[in-house]
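The values are calculated or read from the model by the stated rules, or taken from the named source; none is laboratory data. The model shown is predicted, which means the values in this text are computed figures rather than measured ones. In this analysis, Cβ positions are derived from the backbone assuming ideal geometry, glycine residues included, and neighbour counts consider all displayed protein chains. Each accessible area value is taken on the protein alone, full model and side chains, heavy atoms only, with ligands, DNA and RNA left out. Shrake-Rupley method; radii C 1.70, N 1.55, O 1.52, S 1.80 Å.
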Amino acid sequence: MRVLAPLAFLVLLAAAVAVPGLFTAVDPLAADPAAALAPPGGAHWLGSDHLGRDVLARVVYGARHSISIGVAATGLAVTAGVLLGLAAGLSPRWLDEALARSFDTLSTLPELLLALLVVAIAGPGTGSVIFAIAVAQVPTYARVVRAQTFVVRRSGYVEQAVTFGRSRAAIVAGHVLPNVLGAIPVLATIGLGTAVIATSGLSFLGMGPQPPAAEWGSMLSEARNYLRVAWWQALFPGAAITLTVICLTVTGRRMQRRFEGRTP
Amino acid sequence: MIRRLLAGVAVMWAAATAAYLALLLAPGDTVDILVGDGPDTPEIRAGIIAEWGLDRPEVVQYLAYLGRLLRGDLGRSYQSQRGVGEILAGQVWPTAQLTLAAAATGVALAGVIALVTAGRGRWSRTAASAAELVSVSVPPFLVGIVLLSVFSFTLGWFPVSGAAGPEALVLPALALGLPIAGVLGQVLRDGLERALEQPFAVTARARGLTERALVARHALRHALLPVVTLAGWFTGTLLGGAVITEVLFGRPGLGQVAMQAVTGGDLPVVMAVVLLSAVVYVTISTLLDLAYRVIDPRVRA
């Protein structure tokens, strides 16, 4: 039970992202001023917000924005991180040194401030948020892949492939790349959790998907003006973010334990 | 030592250069931004270009920019035409107050968590790691929202927004400090438990030291080491979280300034805040590296 709960929640979440209609028949954007700020129960299971929109429908449809931004940002960061890390690990010393220093520089800037800089340049919106979070997370993956590349390139099987006269490109693609990717799924699972938090933070600040789109962070931002009268408007999107990140972190850490327990 | 300082300087230079490149890459013509809603004639444009030196080659502009930074000149705001340094100067103190209070709260709570739960068996371990899991998984602004609705709206103990008086600092500092306390507490606790199993702990106990004296005089020093290496994460979380916390609690500060600048496309201001936080980050991590040498004499050898 304890083992399956986080995974089960993540599967439900994936279903909500793919087919939100499964969980609610209500339009998340349908406003009904007459039913504004209705408490949970009756027509609105989780209550309604200040415009009379259904909170349940908005939380369900909000998964689509929050999760897909997180997944896109993580995917972009992993791709760029693996390529840059691999490039650094295989480059001559000076280039490697320069790349490693630029990863260091990037990670001295707090993720959120870096994201604000990106948004200031590119303007608010989904694309900016994805790019901003990805830029901030690239160093995490690049560093791990770089370190692993150093190990793999000195390994016996790479040496053997060289003796067999295989081309450099074939060795990198066939032997180095698959063997430096080992830790990436674990890091990416935990990183997705971080990305979901960052997405909600940026949306909370009004940098993400623009209203009336339902997104967990921007729902919280709207809800904060009605805290005194409508706790449900803040509670449910907040709980959705927290549960998602807890499940991702727990799953990631379990994978990590299994990964580290494996004898090399 | 000197190597460490040089590395810090190199990182700062790279950050400044990255910020400059970001400015160059920004869409929209700088002259257009500077003209803004004001009268737009070729003469005014020419005047702006001459005044800001926009007609010089990029390399010269870049070197001039680095030179200005070295003299502490952060440039001028597009929006208000005032010096960025002047705009930021008045906002540093509220943000420093908030982050220092949050850091103190976080460290103090972490210490309490670690001292209360270390070496007390399975249940306390489970409780401490649950606290850690929740604190890395809850977005910091959600902590703030919960605190606001309980202590300001329901109980009415603290003001809802603003920065008037020390009581206005309590909730923001807690909101920013709690997530740190969870993670730090867990790390400190693990360190303490490991230290208490070391041979030196057995020796100290054999010498008749009480458990409390053992922790205070010997184990804590060992437990602090992994905490020091977390300092980077700690600083970043505080600086980034300060932006959201200031917006949520309506406090003045660098975060508010940065937010307004982002909304208004005022890049020199945004960049200055980012650079300032990079300076703080590099300074703190350099200082802590030095602290590491003091705490752990083995590193010096």
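Considering only the stretch A:9-20, state which residues are assigned to a helix (DSSP H, G or I) and surrounded by fewer than 16 Cβ atoms within 10 Å (Cβ to Cβ).
Step one: list which residues in the stretch A:9-20 are assigned to a helix (DSSP H, G or I), which gives A:9-18, A:20.
Within the stretch A:9-20, A:VAL11, A:LEU12, A:ALA14, A:ALA15, A:ALA18 meet the criteria.
Starting from residues that are more than 10 Å from chain A (Cβ to nearest Cβ) and of a type in the set (Ser, Thr, Tyr), keep the ones in the stretch B:226-245 and report whichever is least open to solvent (accessible area, probe 1.4 Å).
In this case the residue turns out to be B:THR245.
Name the residue that is nearest to B:THR105 (Cα to Cα), counting only residues in the stretch B:202-221 that are over 34 Å from the mean Cα position of the chain (by Cα) and of a type in the set (Val, Ile, Thr). Quick ask: steps written out before the conclusion?
If we filter the stretch B:202-221 for residues that are over 34 Å from the mean Cα position of the chain (by Cα), which is where we start, we get B:202-211.
Pick out the ones that are also of a type in the set (Val, Ile, Thr) and you get B:202-203, B:210.
On the way: B:VAL202: 33, B:THR203: 34, B:THR210: 28 Å.
Filtering the stretch B:202-221 for residues that are over 34 Å from the mean Cα position of the chain (by Cα) and of a type in the set (Val, Ile, Thr), the one nearest to B:THR105 (Cα to Cα) comes out as B:THR210.
If B:GLU167 satisfies all but one of (1) open to solvent by less than 20 Å² (accessible area, probe 1.4 Å); (2) modelled with pLDDT under 80, what's the number of the condition it fails?
Condition (1) is where B:GLU167 drops out.
Within the stretch A:235-249, which residues are aliphatic (A, V, I, L, M) and either open to solvent by less than 10 Å² (accessible area, probe 1.4 Å) or more than 7 Å from every other protein chain (Cβ to nearest Cβ) (or both)?
A:LEU235, A:ALA239, A:ALA240, A:ILE241, A:LEU243, A:VAL245, A:LEU248
Only one of A:ALA136, A:ALA120 is at the interface with another protein chain (Cβ under 10 Å from one of its Cβ atoms), within 29 Å of B:THR283 (Cα to Cα) and under 13 Å from the mean Cα position of the chain (by Cα); which?
Values: A:ALA120 fails: under 13 Å from the mean Cα position of the chain (by Cα).
Answer to the check: A:ALA136.
If you scan the stretch A:145-164, which residues turn out to be open to solvent by 60 Å² or more (accessible area, probe 1.4 Å) and not in a helix (DSSP H, G or I)?
Within the stretch A:145-164, A:ARG154, A:PHE164 qualify.
Considering each residue of the stretch A:165-211, count those that are within 14 Å of another protein chain (Cβ to nearest Cβ) and crowded, with 17+ Cβ neighbours inside 10 Å, and give that number. Even if it seems obvious, please write down each step before you answer.
Taking the stretch A:165-211 and keeping what is within 14 Å of another protein chain (Cβ to nearest Cβ), we get A:189-208, A:210.
Narrowing further to those that are crowded, with 17+ Cβ neighbours inside 10 Å: A:189-208.
The qualifying residues number 20.
Among what's in the stretch A:64-88 and is under 22 Å from A:VAL129 (Cβ atoms) and in contact with a Ser or Thr (Cβ under 8 Å, 6 or more places away or on another chain), pick the residue that is most open to solvent (accessible area, probe 1.4 Å).
A:HIS65
Give me the residue from the stretch B:246-301 that is at pLDDT below 85 and charged (D, E, K, R) and, out of that set, most open to solvent (accessible area, probe 1.4 Å).
Among residues in the stretch B:246-301 that are at pLDDT below 85 and charged (D, E, K, R), the one most open to solvent (accessible area, probe 1.4 Å) is B:ARG298.
So which residues in the stretch B:92-107 are open to solvent by 50 Å² or more (accessible area, probe 1.4 Å) and in contact (Cβ under 8 Å) with a residue 24 or more places away in the chain?
Those that are open to solvent by 50 Å² or more (accessible area, probe 1.4 Å) and in contact (Cβ under 8 Å) with a residue 24 or more places away in the chain: B:VAL92, B:GLN97, B:ALA104, B:VAL107.
Determine whether the stretch B:210-221 contains at least one residue that is in a loop (DSSP other than H, G, I, E, B) and within 14 Å of chain A (Cβ to nearest Cβ).
no
Quick one: count up the residues across the stretch B:170-201 that are open to solvent by less than 10 Å² (accessible area, probe 1.4 Å) and over 19 Å from the mean Cα position of the chain (by Cα).
Qualifying residue count for the region: 5.
Can you tell me which residues in the stretch B:98-154 are within 8 Å of chain A (Cβ to nearest Cβ), among the hydrophobic types (A, V, I, L, M, F, W, C) and in a helix (DSSP H, G or I)?
B:LEU133, B:VAL134, B:VAL136, B:PHE141, B:LEU142, B:ILE145, B:VAL146, B:LEU148, B:PHE153
For the stretch A:114-144: of the residues being surrounded by fewer than 22 Cβ atoms within 10 Å (Cβ to Cβ) and out of contact with any Ser or Thr (no Cβ under 9 Å at 6 or more places or on another chain), which is farthest from A:LEU181 (Cα to Cα)?
Step by step, filter the stretch A:114-144, then rank; the result is A:GLY123.
Out of all the residues in the stretch A:221-232, is one or more more than 9 Å from chain B (Cβ to nearest Cβ), in contact with a Ser or Thr (Cβ under 9 Å, 6 or more places away or on another chain) and either under 18 Å from B:SER135 (Cα atoms) or open to solvent by 10 Å² or more (accessible area, probe 1.4 Å) (or both)?
yes
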